[in-house]
1. Looking at the range 147-154, is at least one residue among the aromatic types (F, W, Y) and surrounded by fewer than 19 Cβ atoms within 10 Å (Cβ to Cβ)?
2. Looking only at the range 3-25, filter to residues that are farther than 26 Å from I93 by Cβ and in contact with a Leu (Cβ under 7 Å, 6 or more places away or on another chain); which one of those is modelled with the lowest pLDDT?
3. Quick check: anything in the range 161-177 touching a strand residue (DSSP E or B) at 6+ places or on another chain (Cβ under 8 Å), crowded, with 20+ Cβ neighbours inside 10 Å and assigned to a helix (DSSP H, G or I)?
4. Just the residues that are in contact with a His (Cβ under 6 Å, 6 or more places away or on another chain) and at pLDDT 95 or above, please, taken from the range 178-206.
5. Quick test for you: out of A146, A198, pick the one residue that is aliphatic (A, V, I, L, M), part of a helix (DSSP H, G or I), out of contact with any Lys or Arg (no Cβ under 9 Å at 6 or more places or on another chain) and more than 21 Å from T58 (Cα to Cα).
6. Could you check the range 33-48 and list, in sequence order, the residues that are among the hydrophobic types (A, V, I, L, M, F, W, C) and either at pLDDT below 90 or over 19 Å from the mean Cα position of the chain (by Cα) (or both)?
7. Would you call I271 under 20 Å from S385 (Cα atoms) and of a type in the set (A, V, I, L, M)?
Amino acid sequence: MGQFCFVTAGESHGKGLVAIVEGMVAGLPVSEEEIARDLKRRQAGYGRSSRMDIEQDTAELISGIRHGTTIGSPISLLIWNRVWEDWQETMSIAPVDKEVEPVTSPRPGHADLAGVIKYGTGDIRPILERASARETAARVAVGAIARRFLEELSMAVHSHTVSIGNCCVKQKKPVDWRQVENSPVRCADAEAEKAMMAAIDEAKAEGDTLGGAFELIATGVPVGLGSHVQWNRRLDGRIAQAIMSINAVKGVEIGAGFSLGNMKGSQAQDIIEPSSEGTPFLWRRATNQAGGIEGGISNGQPVVVRAAVKPIATLGRPLPSVDLHTGKTTEAHYERSDICIVPAAGVIGEAMLAIVLTNAMLEKFGGDHLKETLANYHNYIGSVSS
């Protein structure tokens, strides 16, 4: 489905992560430095593990780029894992002479137990390595390419933290994105930021973890992305799947989301009213309860998405579990752990939303070269505006 897609490969403690991107038009300026900026943003955030001090992620572009611009062929990129030096025996591609101790105590809330049963490995290591959120570094790199494409069409994607534990922001509109980028927890509310950091410190001292929620806002989204005609072409459905695929995300809402269920119909809809003179359209919306999408189609308003992130499953004070080899009670497996990943999850959410929107834009406007896509886009915008 769609024209822009990608696959990733690699394990958390393997040699590295690989991504292959298909369907990007030729002529798009892309640089490793731009990708590195988003990778750095993913690694930041109060409550991250010590691994973020070890890895300094950069993506090496291998193909699909020539002299700084895309050439229309698949783009491949590689992110090396610095921890590989210490894991060469455990994660060796070739057989090793010594026995490597298996991981046999699954973590409640992780892919460990279901994965080891599904794939019949007898060792949780192959499951936890691929199920690890380390894989999202590759997604963020792909998302940086998508973001670069959207910028050419005057679109932007941002994220901010709206809650960590019981600490919530007092919604400020519009969000000060510069303040978000300077915040250790990616929060625009300075008061809430302090409370969030204190809650993270408390959870760390208790050997526990914290979840929360982040919000994504995409601006400049034109009317007409997605479609109502089939379930799998609805833009909101595609966005929800992409955001739900992020590790530890357990809930997604678009616009006012779940709160709409508590409203009457007269309160829940976005009234259509005449626009002021000099604006592109003859109409405007009084509100944006729909989060920029109606009937599976973007309606010209900012696309607003929120996601609930559960506390991660790897705890400093491990939960009870069962050893899969002996059947006896034991503690769940522990190596290292973030305390809170909500700020980083927002950056990953930006990448996934940018990927979905890029797919939808190319689906609608097509083109083999960026100039062709831009011409199609501007012709469409001219035809639907006043």
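1. Looking through the range 147-154, none of the residues is among the aromatic types (F, W, Y) and surrounded by fewer than 19 Cβ atoms within 10 Å (Cβ to Cβ).
2. Going through the qualifying residues, I end up with Q3.
3. no
4. Within the range 178-206, V180, R186 qualify.
5. Every option except A198 fails the conditions.
6. The answer is A44, and nothing else.
7. For I271, the condition - under 20 Å from S385 (Cα atoms) and of a type in the set (A, V, I, L, M) - is met.
Yes/no per residue for (1) modelled with pLDDT under 95; (2) touching a strand residue (DSSP E or B) at 6+ places or on another chain (Cβ under 7 Å); (3) surrounded by 14 or more Cβ atoms within 10 Å (Cβ to Cβ); (4) not small (G, A, S):
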site	(1), (2), (3), (4)
T279	yes, no, no, yes
R284	yes, yes, yes, yes
T287	yes, no, no, yes
I293	no, yes, yes, yes
I297	no, yes, yes, yes
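The values are calculated or read from the model by the stated rules, or taken from the named source; none is laboratory data. Small disclaimer: the values here were computed from a predicted structure and weren't measured. Cβ coordinates were reconstructed from backbone atoms using ideal geometry, including for glycine residues, and neighbour counts include every protein chain displayed.
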